[in-house]
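Beneath this line is the structure, given in structure tokens, with notes to follow.
The values are calculated or read from the model by the stated rules, or taken from the named source; none is laboratory data. Nothing here was measured: the structure is a model prediction, and the numbers come from that model. Using ideal geometry, Cβ is built from the backbone for each residue, glycine included, and neighbour counts are taken over all protein chains shown. Keep in mind that these areas ignore ligands, DNA and RNA; they rest on the heavy atoms of the full protein, side chains included. Shrake-Rupley method; radii C 1.70, N 1.55, O 1.52, S 1.80 Å.
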Amino acid sequence: MKKKEPVYITGHQHPDTDSVASAIAYAFFKKSMGIPAVPCRLGKLNAETKYLLRKFDFEDPVLLNDARVKLSEIDMDPLTYITPDTTISDSLKQMQEQKHTYCGVIDEEGHLIGLVTKSDIAEIGLGDTASSIEVMKRTPLKNFCKTINGKIVYDDPKMCLNGKVSIITMRDPKNLGNYDVKGRIVICGDHEETLKQVIRMGAGALIVVWTEKISDAVIEIAKKHHCPILISGHGSMNTSRYIYFSPSVKEIMKKDLITFANHELAEDVGAKMMRSRYHIYPVVDEEQKLVGYVSRYHIMHAVNKQIILVDHNEFSQSVRAVEKARILEVIDHHRINDFASTQPVQFRNEIVGSTATVVATIFRENQIPVPKNMAGLLLGAILSDTLNFHSPTTTEKDRVTANILAAMADLEIDEFAEELFTAASDTTDLSAADMIKMDMKIFEICGLKVSISQAIVPSAKNPVQGMAEIQHALERFASKKNLDLSVMALTSILENGSVFLFGGERAPWGPEAFPNVSGEEHSVQQEVFSRKKQILPVLTEVIEKYCS
């Protein structure tokens, strides 16, 4: 049965509580329907969201960096490997057993150091034996013994081989005079006098076929001439064939390899493959440890991620390369702007104050029970996005849903809201730059790039960082991101409104949208809470006036 591909459920960039809670809850809902869903986030979590996740015992969602698939996310050939000292013969057996034409070579720590293929081995089996001389002279006796399924009768530490191999078939020692066996590996039968003569002639090593025992007299002569003796488990022909597969793979493996990292994108790897002709490529991790193998076949069958968007529908606010993903669904409560797809998409967009309200409704519509901790998380998201129902985006459906969730979670809404916003307004550990990026969205208005950041603070008039510090950070942010106008809204529930700061070349337009009270430098704009319904429309009106 084919394994189901995961579905990644993600909110927008610079995640807020609503986007994170909605992703977690909707992933739970999808799993209850038998779909392998993974809740994701597209950036750092703010203090409020972290507080809620810890309070209700949820893990942080997975950080999603790209909608395209990485090598680590596709089905590669499984990990198979050998060590540098593995014999060529054993390497070939392993390839045949696992039905591979290759095998990676790793060191003791698992680092990739080489690759051997059947083509490399074929060069030994089909090539001139002269090309193997240098390799054979460095091969230890135990390798020969293992490859020919033999037995070492006598080993000698002073063994000296020249890498050449001879087969002696005659039984009359008188006829050996024309043979040069000095330093060679000599394969011969069990005729005792022939064995003695070959040893005296300086054979480097002796491999005897068709016998089970070597006489003590032969062994004594072998000791005097430092000539090891092996008994082969095969006849002359197979012994002479197999012996060339005795060297270690380190002698023939390729070391100058084209490898790919498991964090690389499959489409990038495919482009690189077009510049070479290999049929297989090792894949390594950040420590250069072998993790698998990839071929053109794997890249051709790799598909980008399946994604469900929650709390946003604009590609500019979504994960990198989202346009290349297979978008399955959208669940949102914002305006519909640049969304487009190549195939039908289930799109649910409701006029409510929070995406969590929509997700909670989906649970009820499908009669899926909401766990107690999940109800608390969704309630926190609704209170966060509606600013405890102060936001003008709040609807009766948000209030009704919040009451239902509060009953499920056994929470009192006002007490929980105060607890939540106390956590949200703790910005003591945040820099001014972090405050700007924490909850920020970028919009295009009349061809201008405009960012709107919002931070919940205990006091809008006297934030912890100080107005001058925030103003300076706002100017730098606008310059770095090439923004025409950068807006910072410091929102205080206790002061029932927001204070605004502006940066960028179009900063002078800001006070026209949100003017200060006469004689004040940073006036609290009473009952201004919503970026979508109050901040963005007023800014758009002013910008359109100047751009018309």
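Pairs Lys55/Lys481; Lys324/Lys480; Lys142/Lys174; Lys4/Lys99; Lys164/Lys255; Lys50/Lys397: which exceed 30 Å Cα-Cα?
Details: Lys55/Lys481 35 Å; Lys324/Lys480 27 Å; Lys142/Lys174 32 Å; Lys4/Lys99 26 Å; Lys164/Lys255 26 Å; Lys50/Lys397 26 Å.
Listed pairs above 30 Å: Lys55/Lys481; Lys142/Lys174.
Sort Phe502, Phe339 by accessible area with a 1.4 Å probe, largest first. If you can, show how the numbers build up before the last one.
Details: Phe502 20, Phe339 45 Å².
Descending order: Phe339, Phe502.
Check cross-link reach from Lys224 to the lysines: straight Cα distance under 17 Å, and skip same-chain residues fewer than eight apart.
Cα-Cα hits under 17 Å: Lys158, Lys182, Lys196.
Quick one: net charge around Met488, please, counting Lys, Arg +1 and Asp, Glu -1 for every other residue with C-beta under 13 Å from its C-beta.
0
Let's test the formula: R0 of 45 Å, r as the Cβ-Cβ distance of Glu193 and Ile113. What FRET efficiency results, to the nearest 0.05?
With a Förster radius of 45 Å, E is 0.40.
Of the accessible area of segment 20-93, with the probe set at 1.4 angstrom, what percent is carbon plus sulfur?
52 percent
Subtract the Cα-Cα distance of Glu512 and Arg399 from 0.36 nm times their separation in residues, and report this length gain in nm to one decimal.
Gain on stretching Glu512 to Arg399: 37.3 nm.
Per the helix-only calculation at 222 nm, which mean residue ellipticity applies to the chain, given -39500 (n - 2.57) for every DSSP H run of n ≥ 4 and division by its residues, nearest 500 deg cm²/dmol? Write out the running numbers ahead of the final one.
Numbers: 19 runs with 183 residues, N = 548.
Calculated at 222 nm, the ellipticity per residue is -9500 deg cm²/dmol.
Could you give me the ³J(HN,Hα) list for segment 296-302, computed from phi with Karplus coefficients 6.51, -1.76, 1.60 and θ = phi - 60°, whole Hz, x at Gly and Pro?
Residue by residue, segment 296-302 yields 4, 4, 5, 5, 4, 9, 6 Hz.
When Lys and Arg each count +1 and Asp and Glu each count -1, what net charge do the other residues less than 12 Å away from Ala433, Cβ to Cβ, add up to?
Neighbour charge sum, excluding Ala433 itself: +1.
Rounded to the nearest 0.05, what FRET efficiency do Glu350 and Lys545 give with R0 = 25 Å and r taken as the Cβ-Cβ distance? Could you check?
0.20
What is the local net charge at Met76, summed over the other residues whose Cβ is closer than 13 Å to its Cβ (Lys, Arg +1; Asp, Glu -1)?
-3
Grab the alpha carbons of segment 462-531, take their convex hull, and tell me the volume per residue in Å³.
94 Å³
Find how many whole Å separate the alpha carbon centroid of segment 503-537 from the alpha carbon centroid of segment 233-293.
So the separation of the two Cα centres works out to 63 Å.
Multiply the residue gap between Ser32 and Ile219 by 0.36 nm, knock off their C-alpha separation, and tell me the result in nm, one decimal place.
So the extension gain works out to 59.8 nm.
Under 15 Å from a point 7 Å along the Cα-to-Cβ line of Asn496: which residues of segment 526-548 have their amide N that close?
Residues passing the 15 Å test: 526-529.
If packing is taken as the average count of other Cβ atoms within 10 Å, what order do 33-45, 430-442 fall into, highest mean first?
Ranking the peptides 33-45, 430-442 by packing returns 430-442, 33-45.
Heavy atoms of the protein only, probe of 1.4 Å, neighbouring chains included. What is the accessible area of Tyr242 in Å², nearest 10?
70 Å²
Gain in length, Lys99 to Glu469, computed as 0.36 nm per residue apart minus the alpha-carbon separation, to one decimal in nm? Don't skip to the end; give the middle numbers.
Working: separation 370, 0.36 × 370 = 133.20 nm, distance 6.47 nm.
Contour length minus the Cα-Cα distance gives 126.7 nm.
Among the GluC sites (Glu not before Pro) within segment 496-548, which fall in a DSSP loop and have no more than 11 other Cβ atoms within 10 Å of their own Cβ?
Glu520, Glu521
Tell me the label-point distance for the pair Gln288, Met274, using the 7 Å Cα-to-Cβ offset, in nm and rounded to one decimal.
3.0 nm
Could you list the trypsin sites (Lys or Arg not before Pro) in segment 72-160 that lie in coil according to DSSP, counting only those with at most 15 other Cβ atoms within 10 Å of their Cβ?
Lys99, Arg138, Lys158
Quick one: accessible surface of Phe443, probe radius 1.4 Å, all protein chains present, in square angstrom to the nearest 10.
It works out to around 20 Å².
Tell me, what is the FRET efficiency for Asp155 and Lys254 to the nearest 0.05, using R0 = 35 angstrom and their Cβ-Cβ distance as r?
0.60
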